[in-house]
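Reading through the structure tokens given below for one structure.
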Amino acid sequence: MPKEFSRSQRVVEQIRRELAELIRLEVKDPRVGFITLTDVEITPDYAHAKVYFTSMTGSEGVEDILAGLRRASGFLRRELGRRVRIHTTPELHFHSDKSVEEGSRLSRLIDEVVREDESRAQQHKDD
């Protein structure tokens, strides 16, 4: 039987969903364009939440996006407090999630090594 999600996991997922919707529909700052929220980590007392995002444009403009998110954080926290029923609405801390970009870089490196290995194997076969 699958293990049930803990309350904090459910709260984290609800915060992620609500923030994604608020950012997509309510934040008017042009710096906060096409981003995806990848994860939310919340402290046990719910006082702070780390919100991780990736940008559809890659690493370009991440500082501008961060500035826009930080500027909108008060609005986002207030709206989150209205939508999510928890005793403390967490202070939001935004962070760029480099894992997708790093994963893509590692994948390219692996592909490159495989091609070089195949090329060497083909050269030895031809010799």
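Per-structure values
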item: Where labels lie 7 Å past Cα in the beta-carbon direction, separation of K28 and R77 in nm; result: 2.2 nm
item: Residues A121 and E63, FRET efficiency given R0 of 25 Å [Cβ-Cβ distance, rounded to 0.05]; result: 0.05
item: Environment charge at E118 (Cβ cut-off 13 Å; Lys +1, Arg +1, Asp -1, Glu -1); result: -2
item: Cα-based equivalent ellipsoid of the range 1-61: semi-axis lengths in Å, sorted from largest, via gyration tensor; result: 26, 13, 11
item: Cα centroid separation, the range 104-122 to the range 2-76 (Å); result: 35 Å
item: Interchain or long-range residues, amide H under 5 Å from F94's placed H; result: V51
item: Isotropically averaged projected area of the range 49-94, using the convex hull of Cα atoms (one quarter of hull area), nm²; result: 3.4 nm²
item: 5 angstrom amide H check on T38, placed H, neighbours 5+ away; result: Y52, F53, T54
item: Neighbour-count ranking [beta-carbon atoms within 10 angstrom, fewest first] of R85, R70; result: R85, R70
item: Computed log₁₀ I(q)/I(0) - Debye formula, equal Cα scatterers, no solvent, the chain, q 0.22 Å⁻¹; result: -1.24
item: Sum of side-chain charges, P30 neighbourhood, beta-carbon under 12 Å (Lys, Arg +1; Asp, Glu -1); result: +1
item: Rounded FRET efficiency, nearest 0.05, which uses the C-beta distance separating L109 from V84 and R0 of 35 Å; result: 0.30
item: Relative contact order %, the chain, counting alpha carbon pairs below 8 Å whose residues are six or more apart; result: 25 percent
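Rule-based calculations on the coordinates, nothing more; no lab input. Bear in mind the structure is a predicted one, so any value in this text is a computation, not a measurement. Virtual Cβ from ideal backbone geometry, glycine too; neighbours counted across all protein chains shown.
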